[in-house]
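Take a look at the structure set out below.
Derivation of every value follows stated rules applied to the coordinates shown; laboratory data play no part. Keep in mind that what you see is a predicted model, and the values were worked out from it rather than measured. A quick note on method: Cβ atoms are made from the backbone with ideal geometry, for glycine too, and the neighbour counts reach across all protein chains shown.
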Amino acid sequence: MKITGIELRRIAMPLKAPFRTSFGVESARDVLLVRVVTPDGEGWGECVAMSEPRYCSEYVEGAADVLRRFLVPALPDAVDAHAVKRALKPFKGHKMAKAALETAVLDAQLRASGQSFGGFLGAERDRVPCGVSVGIMDSIPELLDSVGQFVDEGYVRIKLKIEPGWDLAPVRAVRERFGDELLLQVDANAAYTLADARLLAKLDAFDLLLIEQPLADDDLVQHAALARRLRTPVCLDESIESAEDAAAAITLGAASVINIKPGRVGGYLEARAIHDVCVAHGVPVWCGGMLETGLGRAANVALAALPGFTLPGDTSASGRYFATDVTAPFELADGHLDVPAGPGLGVEPDPGFLDEVTTSVEWLPLQPSGAAGRP
Ligand code: NPQ
Ligand code: MG
């Protein structure tokens, strides 16, 4: 496949409500979209970097810069997703920027050949059970209201964001209100240290599915030490950027569950490789979320349909975050989302809405023939 050029489009998506985590509050999603243009059609990739480097070192402006300065110019003449992955490998880091470019090429390639993301990745289900991530609130009554709404909407699993000062009490309150049957887990986004092990062990009383990323991103050894002191399974998110990281974490005993976010690990090929490593070790995985629009969500739902994804993901409905999505909205039915079956992502962005939310567009010509203008 030849690429004519690549469009970098920034959009600003207002969130229905601010989303607070241990690293900050977001009230709008600043998204970088990558559109690959080929003579046979186009493909889309959504970059999951946030405006500021708080979840990880990447941020939207940085991703746009590395794409225009290094990654796009490094693309070979004829590409498919595997060739993109190989061509980008010499550049260190910048997994989210790489993932967006690789995904856009994969989408273009699959749309051209008529295959769906799910079909390409090896999905074995046509719908996936969905969980929801609930932000840190100002009060416990507010949290209980919010969780109650999500339970009523049909979400099959609740994840509470925690941080020091917002942990035991909210978890206890949710467990007491919604009962022992509710699938419940927590995510600390690296807000604790090993000195908090005694406190975190008190969460064992609440029968959580897992505790996600309690310690710092690069603290695999400490996560292993913590895991030995908890009955609650330790799940890693930020720490895992590759299949090698996943293998190391499993070998060390630092994780007994892994959250796979394609953006964080450099794309869907690496995400599938992590899935395969985890399946080989009997380690359950689930698909994380980064407040994706319908474009990123479509691919995540396809990934979540692979056989090793045995826990519900953060693959929530569009309406969890956005009043209007850039694609037709993903809607929950009986706690599940359907895996798109059409070619590529199987969803289309609405061009009119996209223009409404666009804050900047940049065209990067690739082939000399593409230099003349923007198709
Ligand atoms: C996590 N996601 O699992 C993340 C982190 C996260 C769904 O909990 C704007 C954009 C705000 C991306 C807040 C969920 C965000 C964001 C949190 C990602 O750790
Ligand atoms: Mg997380």
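Annotation: amide H-H contacts under 5 Å for Ala28 (H modelled 1.01 Å from N, sequence separation of 5 or more, or interchain): Leu15. A straight chain from Ala173 to Glu52 at 0.36 nm per residue would run longer than the Cα-Cα distance by 40.3 nm. The residues Asp314, Asp218, when put in order of fewest to most other Cβ atoms within 10 Å, stand as Asp218, Asp314. Listed by chain and number, the lysines whose alpha-carbon sits under 27 Å from that of Lys16, ignoring those within fewer than 8 places in the same chain, are Lys159, Lys161, Lys261. What shape does the chain take by its C-alpha gyration tensor, where a ≥ b ≥ c are the square roots of the eigenvalues and a/c under 1.5 counts as rounded, a/b above b/c as prolate, and the rest as oblate? Prolate shape, in that a/c is at least 1.5 and a/b is the bigger ratio. Once the chain from Lys202 to Arg229 is taken as fully extended at 0.36 nm per residue, the excess over their C-alpha distance is 8.7 nm. By how many degrees, between 0 and 90 and to the nearest 10, does the Cα long axis of helix 168-178 differ from the longest principal axis of the chain? Taking Cα atoms only, the helix is inclined about 90 degrees. For the chain, the longest principal axis of the Cα atoms and the long axis of helix 95-113 meet at an angle of about 60 degrees.
Only helices enter the 222 nm calculation for the chain: every DSSP H run of n ≥ 4 contributes -39,500 (n - 2.57), and dividing by all residues gives -9500 deg cm²/dmol, rounded to 500.
The reciprocal of the average 1/r between distinct C-alpha atoms defines the Kirkwood hydrodynamic radius, which for region 2-120 equals 15.0 Å. Please give the FRET efficiency for Ser139 paired with Gln115, using the beta carbon to beta carbon distance and R0 = 51 Å, rounded to the nearest 0.05. Efficiency, from the Cβ-Cβ distance: 0.55. Note on region 119-338: along the principal axes its Cα atoms extend 45, 42, 26 Å, ordered by decreasing extent.
Each of the peptides 274-280, 17-23 was scored by the mean count of other Cβ atoms within 10 Å over its residues; in descending order, highest first, they stand as 274-280, 17-23.
Looking at region 119-338 alone, DSSP beta bridges between its own residues are antiparallel in about 20 percent of cases. Sites listed here are GluC sites (Glu not before Pro) in region 99-168 whose DSSP assignment is loop and whose Cβ has at most 12 other Cβ atoms within 10 Å: Glu124.
Along the charge dipole of the chain, which of Ile260, Gly131, Phe70 sits closest to the positive end, that is, farthest toward it, with unit charges on the beta carbon of Lys, Arg, Asp and Glu (+1, +1, -1, -1)? Checked the options; the winner is Phe70.
Magnitude of the charge dipole for region 55-188, about its Cα centre and with charges confined to Cβ atoms of Lys, Arg (+1) and Asp, Glu (-1), is about 740 debye.
Rg over Rh for region 223-330 works out to 1.01, using Cα positions for both radii and the Kirkwood form for Rh. Taking Cα atoms only, the orientation of helix 220-229 departs from the longest principal axis of the chain by about 30 degrees.
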